[in-house]
Amino acid sequence: MGKISRLLCFLTLTDNRLMATITVLNGPNLNLLGIREPGLYGNQTLADIKHNLEQKAAELNHQLNFYQNNAEYQIVELIHEAYQAHVDFIIINPAAFTHTSVAIRDALLATKIPFIEVHLSNVHAREPFRKHSYFSDIAKGVICGLGATGYELALLAAHQILAERH
Ligand code: CA2
């Protein structure tokens with residue numbers, strides 16, 4: 001059993017009362033994961049990541065919604081829908097919108113849903129324009145450069161943050 005799975009087991013055993021809804025949002029081109037540029041973004045497909053997170057969320061007794069969209073307004077809509085549905089936490093990889101989207105930032109600010117920003121690659125080791133994010137200063141936390149593991153770590157962190165609130 002890997003370290004993350006052991007930690008998940010521990011957290012599940014120590015707190016199996018919590019049942020929260022967590023939405024995972026993925027921005028443009030992430031549907032190409034595992035198909036193009038594996039050197040930069042890894043071999044796992046978005047379907048692999050989804051499947052893995054769904055399993056881990058179930059182990060933690062959480063409901064997980066997982067989306068990818070290439071359109072900025074659709075991501076804004078998904079955040080509004082998350083608000084209407086009383087979603088407790090968002091994990092978001094805004095992809096290229098990280099560096100451009102005031103609209104998605106405003107949606108997260110308006111709904112006040114706590115969120116963690118995830119990037120597969122280390123955005124600080126790439127082109128200078130990737131160093132700026134419209135989300136990092138309002139996020140609960142930011143994870144980058146750890147590939148698909150970053151999503152798992154974000155789920156664990158979300159679980160802990162939600163547990164501390166109860
Ligand atoms: O490292 C990340 O997760 C990024 O959010 C990925 C974005 C990039 O614009 C951000 O600066 C960092 C790009 C996503 C594109 O995804 C692809 C996946 C496979 C092949 C090509 C693109």
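Give me the one-decimal Kirkwood hydrodynamic radius in Å for region 106-166, with the sum taken over alpha-carbon pairs.
Hydrodynamic radius (Kirkwood, Cα only) of region 106-166 equals 12.5 Å.
Hey, could you get me the Stokes-Einstein D for region 29-166, Kirkwood radius over alpha-carbon pairs, 20 °C and 1.002 mPa s, rounded to whole µm² s⁻¹?
Working: Rh = 15.4 Å.
After rounding, the answer is 139 µm²/s.
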Quick check: residue separation of ALA47 and TYR67 times 0.36 nm, minus the Cα distance between them. What number comes out in nm? 6.2 nm
Rg and Dmax of region 72-128, using alpha carbons, in Å: what are they? 12.0, 37
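Sorted by accessible area with a 1.4 angstrom probe, largest first, how do LYS131, LYS50 fall? Before the final figure, lay out each step's value.
Values: LYS131 105, LYS50 75 Å².
The residues order as LYS131, LYS50, largest area first.
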Pick from VAL102, VAL142, VAL87 the residue whose mean-square fluctuation is largest in a GNM of the chain, springs joining Cα atoms under 10 Å. VAL102
Let me have the 222 nm mean residue ellipticity of the chain computed from DSSP H runs of 4+ only, each contributing -39500 (n - 2.57), with the sum over all residues rounded to the nearest 500. -13000 deg cm²/dmol
The correct pair for region 10-102, radius of gyration to one decimal and Dmax as a whole number, both in Å and from Cα atoms, is 14.6, 41
Mean-square fluctuation maximum in Gaussian network of the chain, Cα pairs under 10 Å, restricted to ASP137, ASP88, ASP106, hits ASP137
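Computed FRET efficiency, Cβ-Cβ of LYS131 and GLU164, R0 25 Å: what is it to the nearest 0.05? Present the calculation step by step, with values, prior to reporting the outcome.
Numbers: r = 30 Å, r/R0 = 1.21.
So, using R0 = 25 Å, E works out to roughly 0.25.
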Build a GNM of the chain with springs between Cα atoms under 10 Å: which of LEU32, LEU64, LEU53 gets the top mean-square fluctuation? LEU32
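The values are calculated or read from the model by the stated rules, or taken from the named source; none is laboratory data. Computed from a predicted model, the values in this text were never measured in an experiment. Note that we place each Cβ from the backbone using ideal geometry, even for glycine, and neighbour counts take in every protein chain shown. The accessibility values were calculated without ligands, DNA or RNA, using every heavy atom of the protein model including side chains. Shrake-Rupley method; radii C 1.70, N 1.55, O 1.52, S 1.80 Å.
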